[in-house]
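Below: the structure, in structure tokens.
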Amino acid sequence: MSTPPRSAPLVMLGIESSCDDTAAAIVAASGDRGQILSSVVMGQSALHADFGGVVPEIAARAHAERVDLCVEQALEQAGMDLSDLSGIAVTAGPGLIGGVLSGVMCAKGIAAVTGLPLVGVNHLAGHALTPRLTDGLGFPYLMLLVSGGHCQFLIAGDAVTFTRLGGTIDDAPGEAFDKTAKLLGLPLPGGPSVEAEARKGDPARFAFPRPLLDREGCDMSFSGLKTALLRARDQLVASHGGTLTAQDRADLCAAFQDAVRDVLVAKSRRAIARYMALTPAEPAFAVAGGVAANGAIRAGLERLCAREGLRFLAPPLALCTDNAAMIAWAGIERLGRGLVDGLDLSARPRWPLDDQAAPLLGTGRRGAKA
């Protein structure tokens with residue numbers, strides 16, 4: 001497939017279906033950043049509420065039913081039709097394979113009918129390139145990608161080159177927030193629920209651990225923190241005759257959130273030191289992913305960057321969680337470099353951004369998780 005003339009501004013349809021949000025968006029290149037012409041997200045929280053988490057089979061069916069509707073609405077909101085597009089970008093992984101397949105097959109169908117270039121995008125690259133979409137941030141910059149399923153420090157060298165400095169060796173912070181919410185009887189997704197409770201709590205009441213701060217490097221762990229909260233909850237329940245008071249719940253959330261923030265800030269300081277050794281002309285630290293919406297974590301990272309002399313960037317809250325605008329922009333970055341895929345594009349449940357780094361998490365037939 002040929003790419004549009006370089007003089008023509010690129011206008012990309014993005015499709016995202018890697019977890020439990022079906023999304024489509026239209027983004028146009030505007031100078032060194034993007035202009036979001038439309039963004040549609042159809043969530044699935046109500047479908048999974050009774051199960052305490054995302055059920056892959058339910059998610060896949062919902063994506064298959066909604067993805068074409070999302071595309072139709074995105075085109076309508078942008079006042080465009082398919083002939084106005086330069087290409088189609090779609091999340092090709094990593095993610096729940098049924099959902100990823102739904103998006104990839106929809107994108108392939110549109111590409112086959114229209115002849116438009118098809119661009120497979122790594123979902124993590126979508127998050128990592130969001131500061132370029134919103135602010136036109138120049139390379140290289142340091143990125144903390146912190147979401148429900150991933151947590152890693154990356155140096156973005158260019159739109160397709162990412163060097164991982166470290167990451168979680170077990171649970172991602174978003175996963176830990178969700179598990180904390182379940183343990184405390186709070187609604188999912190856990191991030192907003194725990195943050196709301198934490199505002200009413202005393203973080204000093206419980207001395208939760210800050211895992212791996214005694215270990216060199218930028219790797220993190222959040223599984224032990226979740227276990228510490230479980231033990232504290234059980235002790236409270238036992239001492240209160242089988243109940244947990246509202247203040248107990250708020251204090252547990254506040255202590256847990258402070259511990260996550262402290263780990264992320266401490267490890268960010270180490271990642272910054274390694275990044276600054278590259279002597280970037282305009283040093284910048286960006287954060288993206290669902291947990292980037294947490295106000296306490298954002299504030300802690302912003303204070304750190306102010307002390308270290310780096311520009312701090314965080315996306316608007318609507319672009320922290322999964323969305324198709326970031327996929328469309330990542331597609332623009334790739335298409336502008338002549339990187340396109342054929343109709344044999346595969347959906348991938350696992351797809352590390354830095355495939356040269358040693359795996360942080362387990363491998364198998366599907367490859368390394370991160």
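When Gln44, Gln77 are screened for being of a type outside the set (A, V, I, L, M, F, W, C), at pLDDT below 95 and more than 15 Å from Ala347 (Cα to Cα), only Gln44 passes. Filtering segment 251-295 to residues that are closer than 26 Å to Phe206 by Cα and aliphatic (A, V, I, L, M) leaves Leu252, Ala254, Ala255, Ala259, Val260, Val263, Leu264, Val265, Ala266, Val291, Ala292, Ala293.
Residues considered: Ala259, Ala250, Ala286, Ala266. Of these, the only one that is under 28 Å from Ala181 (Cβ atoms), crowded, with 16+ Cβ neighbours inside 10 Å and touching a Gly at 6+ places or on another chain (Cβ under 7 Å) is Ala250. Somewhere in segment 289-306, is a residue part of a loop (DSSP other than H, G, I, E, B), in contact with an Asp or Glu (Cβ under 8 Å, 6 or more places away or on another chain), touching a residue at least 60 places away in the same chain (Cβ under 8 Å) and closer than 29 Å to Gly190 by Cβ? Within segment 289-306 (the criterion being part of a loop (DSSP other than H, G, I, E, B), in contact with an Asp or Glu (Cβ under 8 Å, 6 or more places away or on another chain), touching a residue at least 60 places away in the same chain (Cβ under 8 Å) and closer than 29 Å to Gly190 by Cβ), the answer is yes, since at least one residue qualifies. Criterion applied to Gly34, Gly43 was being in contact (Cβ under 8 Å) with a residue 12 or more places away in the chain, small (Gly, Ala, Ser) and in contact with a Phe, Trp or Tyr (Cβ under 6 Å, 6 or more places away or on another chain), and the one residue passing it is Gly34. Would you mind stating whether Asp178 is surrounded by fewer than 21 Cβ atoms within 10 Å (Cβ to Cβ), more than 30 Å from Glu333 (Cβ to Cβ), in the same structural domain as Phe256 (by TED's automatic domain parsing) and under 24 Å from the mean Cα position of the chain (by Cα)? In short, no. Selection over segment 309-344 of residues that are farther than 21 Å from Ala25 by Cα and buried (at least 16 other Cβ atoms within 10 Å of the Cβ) gives a count of 3. In this structure, Phe208 does not satisfy being touching a strand residue (DSSP E or B) at 6+ places or on another chain (Cβ under 6 Å), aromatic (Phe, Trp, Tyr) and not in a helix (DSSP H, G or I).
Summed over segment 226-273, the residues that are closer than 18 Å to Ser147 by Cα and modelled with pLDDT under 95 give a count of 1.
Total residues in segment 211-227 satisfying the condition of being in a helix (DSSP H, G or I) and crowded, with 19+ Cβ neighbours inside 10 Å: the figure is 2. Residue count for segment 307-341 satisfying the condition of being closer than 20 Å to Leu137 by Cβ, of a type in the set (D, E, K, R) and outside any helix (DSSP H, G or I): 2.
Among the residues in segment 324-331, are any more than 19 Å from Ala159 (Cβ to Cβ) and among the β-branched types (Val, Ile, Thr)? There is no residue in segment 324-331 that is more than 19 Å from Ala159 (Cβ to Cβ) and among the β-branched types (Val, Ile, Thr). Taken as a whole, the condition of being among the hydrophobic types (A, V, I, L, M, F, W, C) and touching a strand residue (DSSP E or B) at 6+ places or on another chain (Cβ under 8 Å) does not apply to Val194.
Here Asp355 fulfils each of the conditions (1) within 20 Å of Ile97 (Cα to Cα); (2) assigned by TED's automatic domain parsing to the domain that holds Pro173; (3) acidic (Asp, Glu) apart from (2). Considering every residue within segment 284-301, establish whether at least one is basic (Lys, Arg), under 15 Å from the mean Cα position of the chain (by Cα) and either closer than 23 Å to Gly157 by Cβ or in the same structural domain as Asp170 (by TED's automatic domain parsing) (or both). The answer is yes, given that some residue of segment 284-301 is basic (Lys, Arg), under 15 Å from the mean Cα position of the chain (by Cα) and either closer than 23 Å to Gly157 by Cβ or in the same structural domain as Asp170 (by TED's automatic domain parsing) (or both). Based on this model, can you work out whether Pro192 counts as within 28 Å of Leu236 (Cα to Cα), outside any helix (DSSP H, G or I) and touching a residue at least 12 places away in the same chain (Cβ under 8 Å)? The answer is no for Pro192.
For Leu186, the criteria (1) closer than 28 Å to Leu317 by Cβ; (2) outside any loop (DSSP other than H, G, I, E, B) hold in every case but one, which is (2).
The values are calculated or read from the model by the stated rules, or taken from the named source; none is laboratory data. Predicted model only: the values in this text are computed from it and were never measured. Note: ideal-geometry Cβ built from the backbone for every residue, glycine included; neighbour counts use all protein chains shown.
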